[in-house]
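I have placed the structure first, in the form of C-alpha cells, so that the comments after it can refer back to it.
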Amino acid sequence: MVMFSAMTVLAQGGTVRGSVVDEDGEPVIGASVVMAEQSTGAATNLDGIFSIPKLQPGTFQIRITYIGMDTVYKQVVVKKNSTTTIAVKMVVSSTQIGTVEIRDERIGKIRKRQFDVGKMRVTARQINLMPSLGTPDLAQYLQVLPGVVFTGDQGGQLYVRGGTPIQNMLLLDGMIVYNPFHSIGLFSIFDTDYIRTVDVYSAAFPAQYGGRVSSIMDIRTKMPSFKGIRGKVNVNPLSSGIMVEGPFKKKTDGTPGGNGFLFSARQSYLDRSSPIVYPYADNQLGGDSIQGFPYSFTDIYGKISLSDGLNGVNFFGLYNRDDVNYEFPSNIGWEQFGIGSKFRFLPAASNVIFTGNFAYSSFSSSLNATSENFPRFSRISGFNGGLRFTYLINSINELNYGITLLGFNTDYSFTNSFGLITSQEFNNTEAAFDFSYKKVFRKVDPTKSDSINDWLVIEPGVHIHYYNDHSRIRLEPRVRAKANFGRVSATFATGSYSQNLISANSDRDVVNLFSGFLAAPTNVPNNIKEHTLQTAVHLLGGVEIELVKNLSTRIEGWYKDFTQLTNINRDKIFPEDPDFIYERGKAGGADLILRYENPKWYIYGTYGWARVIRTDAIRTYAPVFDRRHNANFVIAYYDGDLYAEDAKINGRPKFDEKKWEFSIRWNLGSGFPFTQTQGFFEKIDFLQNGSQTNYVNQNGTLGVLYAEEINGGRLPYYHRLDMSAKRRWVFANRILLEANLSLINLYNRANVFYFDRIRYATINQLPILPSLGLTLKF
C-alpha cells in the first residue's frame with residue numbers, strides 16, 4: 001500500500017493512459033497519440049501502451065495515428081489528480097501508402113530508450129528469412145546471434161557467452177521451459193507462426209530476471225486472430241504440422257479485444273523418411289543397423305486468450321517428446337509438459353500496469369549409453385509464478401517492481417566411468433523481489449522542429465533472491481545505461497547473478513544430449529563453507545553506430561566471472577569421495593554485428609571471438625563449448641515488401657502477392673576442444689571383491705586411457721553454407737501456397753560430429769540435405 005500511495009503522490013495534474021491494439025489484439029508499436037488542445041502527446045511503447053501526464057482538467061479529444069491504419073479520434077475526460085484509462089482499436093486503412101520509412105523512424109526513437117546492450121530482439125519475420133530445412137525455426141535463427149554457440153547439427157545444445165544450457169533460462173509467456181530444443185539441432189519446440197517476439201539477453205540481464213548465471217531467453221506468443229479463422233498446413237520430408245486460430249465468436253461492435261484460441265501441432269518422421277529421401281546418409285552415426293537419422297519428435301501447443309483491449313488473460317499449454325536411437329553409442333529420450341496462465345490488468349484510476357503469471361512445467365530424460373553401459377536419468381517438475389507492477393511516470397520514464405515464487409522437485413541418477421552411482425531427489429522453493437527505475441534524460445532545441453533527443457537512459461535495479469534450501473538471501477545489484485549521440489549510442493551494463501540448479505555432464509561424453517537437473521548438492525568438498533550456489537558477475541559494454549540509412553553496426557565487449565560453479569566429480573573413485581566439485585570459470589570476448597535492412601533486402605553479419613576456461617582444485621581446462629572464433633553471414637532478398645506480414649504493423653489484410661524470396665546463410669566456427677585418447681586397457685572391477693579379486697583369471701572390460709590434459713585437443717574448423725528459395729501463389733487474395741526449396745550444407749562439408757574412440761572412426765554432422773516443403777496458409 002505504501003508503494004501505491006507513493007505512486008499517487010507522483011501524479012501531478014490529470015493523466016490519460018491507454019492501450020492501442022490492432023484488430024487481432026496485438027499491440028500497435030510507435031503509434032502517435034496527440035492531445036492538440038494541450039500541445040502534448042506520446043507514442044505507444046513496445047507493449048502498445050502510452051501515458052500522457054500533467055494535463056489540465058476538462059474534456060478533450062485525442063488523435064491516434066499510425067502508418068497504414070485509419071486515424072482514430074477519441075474523447076476523454078481529464079480529472080485533477082486522477083487517471084483516465086482508455087482502450088483503442090486501430091483498423092487497416094482502405095488506402096496503402098509506401099511510408100515504411102516513417103514507421104521505422106518512430107520505432108527507432110523508441111529504441112533509443114531501450115537497452116540493446118547484451119540483448120537481441122527476434123521476430124517471426126526475421127526467423128522466416130533464414131534458410132531452413134523443412135520450415136523456418138527459432139533454433140536455426142538463434143545460431144546467428146552474437147555470442148551464441150551451437151555444438152552441432154545433431155545433438156547440438158545452446159551455449160551463450162560462456163554459459164552452459166543449465167545456466168540459460170527460457171521463459172514462454174512467463175513459464176519456465178527446461179529444454180527448448182530437439183535432439184536434431186535444427187529444430188526448437190516452438191512453431192514460428194505463434195511467436196510474437198523473442199528477447200535474448202546474452203549477458204548482464206535486467207533486475208526482473210533471476211535464478212540463472214548466464215543468459216535469459218524470453219519468448220512472447222502472439223494473440224489469436226479475433227477477425228476470423230486462420231491457419232496453416234505444412235509438409236516436408238522431415239515433418240508435417242498444422243496451426244489453426246480464430247475467435248470463439250466474431251465481434252461486430254468494433255470494440256477492442258476479443259476471445260480466441262490457437263492450436264499448433266507438429267510431428268516429425270525423419271527416422272522413417274530419411275532412409276528413403278536421403279539414402280546416402282545411411283550409417284552416418286556408426287551402427288550398421290542404423291539407416292538415415294534416428295530422430296523423432298512431437299510438438300503440441302494450445303492457447304486461449306480473453307481480452308477487452310485493456311485487460312486480458314491467456315491460458316496455454318505445451319507437450320513435447322523426443323526419441324533418439326543411436327544404438328551405438330547411446331539411446332536417449334525425453335518428455336516435456338507445461339501449462340500456464342498470464343494476465344494483464346490496467347486499473348482505471350491508476351497509472352500502474354499490473355501483470356502476472358502462474359505455470360507448472362516438467363521435464364524428464366533418460367540415457368542408456370550402450371557403449372559404456374553408464375545409464376542416467378533425470379526429472380524436474382515444479383511451478384513458477386509472479387506479479388509485476390509497472391508505473392508509467394510519464395511517456396518515457398518507468399518504475400518496475402515484482403515478486404516471484406517458484407518450487408521444484410528434482411530426481412537424478414548418474415553412473416560414472418568407475419561404475420559408481422550418484423543419485424539425488426530433492427524438493428526446493430525459492431522467492432525473489434526485484435526493483436528497477438528507468439530514467440530518460442532529454443535535450444530539446446526550441447529552434448528546431450522535432451528536436452527532442454533522449455540523450456541518456458539509465459536503469460539501476462536490484463534483484464533479491466531467497467533460496468530456502470540454503471536459508472540464504474542473495475542481494476544482486478544491476479545497472480544498465482545508454483547514451484545517445486546522434487547516430488552513435490554507447491551502452492553499459494553490469495550485475496551480480498546466482499542460481500541453484502546444476503547440471504551433471506561429463507566432458508568426456510561422445511554424445512552430449514543428456515543434461516541432469518540437480519539442486520542443492522550435499523555431498524560436496526569440505527572446503528566449501530559459505531554456500532553451494534553457483535554465482536557470477538557480468539560486465540558488458542558496447543557501441544552502436546548508424547552508418548547510413550538502414551545500415552548499422554554494433555560492437556560489444558563482455559566478461560563473465562563465474563565465481564563459483566558446481567560440476568560432477570569426474571574423478572570420483574571411492575564411495576566416500578564427494579559427488580560434486582567446485583570450479584571457477586572465466587569467459588570473455590567481443591562481438592561485431594553488422595545489419596542492413598529495407599523492405600526488400602535483409603543483410604546480417606556477425607563475428608565473435610571468445611575464450612572460456614574452467615579451473616578446479618586439480619586442473620585448468622577449456623570446456624567442450626569453447627569456440628574461439630565464430631562468424632555468420634545472412635542475406636535475404638524478397639520480391640516485394642518484407643514488412644508485409646510483420647505482425648500486421650503495416651496494416652495489410654491480405655497476403656502479399658509478390659512471388660519470390662531468396663536467402664543464404666554461411667557459418668564458420670573454430671574447432672571445439674576434446675580430450676585425446678592415449679590408449680586402451682583391460683579394466684578389472686575391484687570394487688565388489690576388493691583385495692580378493694582374482695585379477696589373473698577374471699575378465700575385464702575395455703577401458704580408455706585418456707590424455708592427462710582434459711580437452712587438450714581441437715577438432716577441425718566447422719563451416720556450412722545453407723540456401724533456400726521460396727515461391728508463392730496467392731488465390732482469391734486470402735489463400736497462400738508457398739513452396740520452399742532448401743539446401744543444407746550446400747557444398748557437403750564433412751564437419752565432425754564426434755570421434756568414436758572404440759571404433760576409431762570419425763562420425764560427421766549432417767551431409768548435404770535438399771528439401772522441398774509446401775505450406776498452405778488461409
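Taking θ as phi - 60° and the Karplus parameters 6.51, -1.76 and 1.60, the scalar couplings of segment 577-584 work out to 5, x, 6, 10, 10, 10, 10, 10 Hz in sequence order, x denoting glycine and proline. Using 0.36 nm per residue and subtracting the Cα-Cα separation, the extra length available between V704 and Y607 on full extension is 31.2 nm.
Label positions at D639 and E576, each projected 7 Å from the Cα along the C-beta direction, are separated by 7.7 nm.
Residues whose amide H falls under 5 Å from that of Y178, counting only those 5 or more places apart or on a different chain, are absent, with hydrogens built in the peptide plane.
Of the cross-linked pairs K80/K222; K54/K89; K74/K227; K303/K482; K222/K251; K443/K560, those separated by over 28 Å at the C-alpha level are K80/K222; K303/K482; K443/K560. The label point for V313 and the one for T615, both projected 7 Å from the Cα toward the Cβ, are 5.3 nm apart. Averaging the sequence gap over all C-alpha pairs within less than 8 Å and six or more residues apart, then dividing by the number of residues, gives segment 149-282 a relative contact order of 18 percent.
On the beta carbon distance between Y280 and L774, with R0 = 30 Å, the FRET formula returns roughly 0.80.
Placing dummy labels 7 Å off each Cα toward the beta-carbon, the span from N409 to F337 is 1.2 nm.
Restricted to Cα atoms, segment 555-633 shows a radius of gyration and a Dmax of 18.8, 65 angstrom. Taking the Kirkwood radius as Rh and the Cα radius of gyration as Rg, segment 182-254 has a ratio of Rg/Rh equal to 1.10. Which of rounded, prolate, oblate describes segment 176-224, given a ≥ b ≥ c as roots of the alpha-carbon gyration tensor eigenvalues and a/c under 1.5 marking rounded, otherwise prolate only if a/b is larger than b/c? Oblate, since a/c reaches 1.5 and b/c is not below a/b. Annotation: amide H of R619 has no partner in the under-5 Å range at sequence separation 5 or more or interchain, hydrogens built in the peptide plane.
Counting only DSSP beta bridges with both residues in segment 127-242, the antiparallel share comes to about 80 percent.
In order along segment 39-46, the Karplus-derived 3J(HN,Hα) couplings, from 6.51 cos²θ - 1.76 cosθ + 1.60 at θ = phi - 60°, round to 6, 8, x, 7, 10, 5, 8, 5 Hz, and Gly and Pro are given as x.
Under 20 Å from a label point set 7 Å out along the Cα-to-Cβ vector of Q676, the amide N atoms of segment 716-756 belong to 716-718, 752-756. If the segment from I458 to F354 were pulled out straight at 0.36 nm per residue, it would be longer than the present Cα-Cα gap by 35.2 nm. Rounded to 0.05, the FRET efficiency of the F755 and H719 pair, given R0 = 22 Å and the Cβ-Cβ distance, is 0.75. Rounded to the nearest 0.05, what FRET efficiency do F383 and D47 give with R0 = 25 Å and r taken as the Cβ-Cβ distance? Could you check? So the FRET efficiency works out to roughly 0.50.
Straightening the chain between Q61 and Q267 buys 68.9 nm, computed as 0.36 nm per residue apart minus the Cα-Cα spacing.
Read-outs: derived from the displayed coordinates by stated rules, not from any lab. Because the structure is predicted, anything quoted here is derived from the model rather than measured. Note that we place each Cβ from the backbone using ideal geometry, even for glycine, and neighbour counts take in every protein chain shown.
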